[in-house]
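The values are calculated or read from the model by the stated rules, or taken from the named source; none is laboratory data. As the structure is a computational prediction, the values presented were derived from the model and not from experiment. Note: ideal-geometry Cβ built from the backbone for every residue, glycine included; neighbour counts use all protein chains shown. Areas reflect the complete protein model, heavy atoms only, side chains present, ligands, DNA and RNA absent. Shrake-Rupley method; radii C 1.70, N 1.55, O 1.52, S 1.80 Å.
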Amino acid sequence: MGEQKCIGILTSGGDCAGLNAVIRAVVYRATGTYNWKVMGIRQATNGLMSRPPEAIPLNIEKVDSWLTIGGTMLGTTNKGNPFAFQMADGTVRDRSDDIIQGYHQLGLDALIGIGGDGSLAILRKIALAGNLNLVAIPKTIDNDVGITERSIGFDTAVNIATEALDRLHFTAASHSRVIIVEVMGRDAGHIAISAGISGGADIILIPEIPYTISKICAQIQERQDRGKNYCLIIVAEAVRTEEGELVMHTNRLGQSRLGGIGQYLADTISDCSGAETRVTVLGHIQRGGTPSSLERLIASAFGIAAVDLIAEEKYDCMVSWQKREVVSVPLEDAIAKYRPVDFDGTLVKTARGLGICLGD
């Protein structure tokens, strides 16, 4: 069995369904198989910055009911860079050493970090600076982390977007409307193309494939000529205007976020085709709710595999879903570049084969 270890686990970046299922699996494997201690770190790296560090002991009894709970019971944050951390007095400090010291104050032998490429890159930089034992688990509804076919949160987000399309078919047909569904995805169109195919969208727009308004309007007209009096369009939030501009909105705090391409398309298509258009922006609905069965399955497999990597003392790596198996890959390679939708890949070929317009 070896000496008893104490491992930490944190969730970083945006929340999504499946995070609690990962934590549950980690606790089951670490405590049940290896008789280790597990500390759940609150609010990502912020918990390691706090003094004393904000962490709670986790056991099977505590996490047993977490399998179906959305979000993250440990809390998370996607604000602030520990290497340039905004302090309360307005100054900026490098607080990476505070995180390293928090790791040691908790007596951790290893840390499991669950995050997207951005937060995993920060965690890796801290781990290398402090010689911390880090194992990573990919999490993002965008599914754009390199060298893994699936990330935690993606399947549930796709299911939610697909259900939205299912529901909108009927109201679109009833009123002879063009309905546009705007989904998340940051720089990649994985959610849009997967849900668009599954939900029977007529037009799918993703940032990887340039489009023209004339092509979209021609598709709407072609459907009308065939007696189809409505049209469903799904668009990823990172799709640009026809002129190549990102559509952003700024909140009261001065923070800019992607969002608004759906309304831009609605106005432009209405002018071009004369069709009555409506927009539905799914937003954070895609992040919430109960994780799908596939989400729970992959989350559980990732959690078990991450603990086993610690047992084997294999660090600076990430668990990855490839060809229906979990493997480990170098973390450096996984975060080197994001994974966009493949222009020549199976999903694009499938959409085109189904007669779905991709705007080009």
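Output needed for the range 106-198: three equivalent-ellipsoid semi-axes, defined as square roots of 5 times the C-alpha gyration tensor eigenvalues, in descending order, whole Å. Could you put the intermediate results ahead of the total?
Working: eigenvalues 301, 24, 17 Å².
Each semi-axis is √(5λ); the values are 39, 11, 9 Å.
Suppose accessible area is computed on protein heavy atoms with a 1.4 Å probe; arrange 73, 49 from highest to lowest.
Values: 73 85, 49 10 Å².
Result of the area sort, largest leading: 73, 49.
Using a 1.4 Å probe on the protein heavy atoms only, what accessible surface does residue 92 show? Give it in Å² to the nearest 10.
Surface open to solvent at residue 92 totals about 90 Å².
Nothing charged except the Cβ atoms of Lys and Arg (+1) and of Asp and Glu (-1): what's the magnitude of the dipole of the chain about its Cα centre? Round to the nearest 20 debye. Before the final figure, lay out the partial values.
Values: 34 positive and 41 negative charges, 121 e Å.
In debye, rounded to 20, the chain gives about 580.
For the range 72-88, in order, what is each residue's ³J(HN,Hα) by Karplus, 6.51 cos²θ - 1.76 cosθ + 1.60 with θ = phi - 60°, in whole Hz (x at glycine and Pro)?
Whole-Hz 3J(HN,Hα) from phi for the range 72-88: 9, 5, 8, x, 7, 8, 10, 10, x, 10, x, 7, 8, 8, 6, 8, 4.
For a paramagnetic label modelled at 7 Å from the Cα of residue 163 toward its Cβ, which residues of the range 175-192 fall within the zone defined by backbone nitrogen distances under 18 Å?
Backbone N within reach: 181-184, 191-192.
Taking residue 79 as the anchor, which lysines have their alpha carbon closer than 19 Å to its alpha carbon, excluding any fewer than eight residues away along the same chain?
Partners within reach: 125, 139.
To the nearest 20 Debye, how big is the dipole of the range 227-348 about its Cα centre, given +1 on the beta carbon of each Lys and Arg and -1 on that of each Asp and Glu?
Values: 12 positive and 17 negative charges, 91 e Å.
Here the range 227-348 has a charge dipole of around 440 debye.
To the nearest 10 square angstrom, how much accessible area does residue 125 have with a 1.4 angstrom probe?
120
If I ignore ligands, DNA and RNA and count only protein heavy atoms, how much of residue 85 is accessible to a 1.4 Å probe, in Å² to the nearest 10?
40
Please state the relative contact order of the chain as a whole percent: Cα pairs under 8 Å, 6+ residues apart?
On the way: 799 pairs, mean separation 78.0, N = 360.
The value is 22 percent.
Under a cut-off of 16 Å between alpha-carbon atoms, report the aspartates and glutamates in cross-link reach of residue 5, not counting same-chain residues fewer than 8 places apart.
109, 308, 312, 313
Nearest 20 debye, what's the magnitude of the dipole of the range 291-360 about its Cα centre given +1 on Lys and Arg Cβ and -1 on Asp and Glu Cβ?
400
³J(HN,Hα) across the range 33-49 via Karplus (A = 6.51, B = -1.76, C = 1.60, θ = phi - 60°), whole Hz, x for Gly/Pro?
Coupling constants for the range 33-49: 8, 9, 6, 8, 9, 10, 10, x, 8, 7, 6, 6, 5, 4, x, 7, 6 Hz.
Compute the separation of the alpha-carbon centres of the range 25-67 and the range 215-274 and state it in Å as a whole number.
44
Over the chain, one equal point on each Cα, no solvent: what is log10 I(q)/I(0) by the Debye formula at q = 0.15 Å⁻¹?
Reported log10 I(q)/I(0), two decimals: -1.19.
Give me the percent relative contact order of the range 177-278, please, defined on Cα pairs under 8 angstrom at least 6 residues apart.
Numbers: 180 pairs, mean separation 35.8, N = 102.
Answer for the range 177-278 is 35 percent.
If eta is 1.306 mPa s and T is 10 °C, what Stokes-Einstein diffusion coefficient results for the range 144-265, Kirkwood Rh from Cα pairs, in µm²/s? Before the final figure, lay out each step's value.
Numbers: Rh = 15.2 Å.
Rounded, D is 105 µm²/s.
What does the highest-first list of 186-193, 314-321 look like by mean Cβ count within 10 Å? Intermediate results must be reported in sequence, preceding the final value.
On the way: 186-193: 25.2, 314-321: 20.1.
Most protected by this proxy first, the peptides run 186-193, 314-321.
Add -39500 (n - 2.57) for each DSSP H run of 4 or more in the chain, then divide by its residues: what number comes out at 222 nm, to the nearest 500 deg cm²/dmol?
Details: 12 runs with 130 residues, N = 360.
Calculated from helices alone, the mean residue ellipticity at 222 nm is -11000 deg cm²/dmol.
In terms of modelled amide H atoms, which long-range or inter-chain residues lie less than 5 Å from the amide H of residue 8?
Amide H neighbours of residue 8: 39, 109, 110, 111, 112.
Got a sec to turn the phi values of the range 250-258 into Karplus ³J(HN,Hα) couplings, 6.51 cos²θ - 1.76 cosθ + 1.60 with θ = phi - 60°, whole Hz, x for Gly and Pro?
Per residue, the Karplus-derived 3J(HN,Hα) values read 10, 8, 5, 8, x, 8, 9, 9, 5 Hz.
Highest mean first, how do 265-275, 229-239 rank when packing is the count of other Cβ atoms within 10 Å averaged over residues? Write down the numbers at each step before the final one.
Values: 265-275: 17.1, 229-239: 25.1.
Packing order, densest peptide first, comes out as 229-239, 265-275.
What angle do you read, to the nearest 10 degrees and between 0 and 90, between the alpha-carbon axis of helix 154-175 and the longest principal axis of the chain?
20
Can you tell me the relative contact order of the range 217-360? Whole percent, Cα pairs under 8 Å, sequence separation 6 or more. Working shown, then result.
Working: 98 pairs, mean separation 16.2, N = 144.
Across the range 217-360, relative contact order equals 11 percent.
In terms of modelled amide H atoms, which long-range or inter-chain residues lie less than 5 Å from the amide H of residue 281?
182
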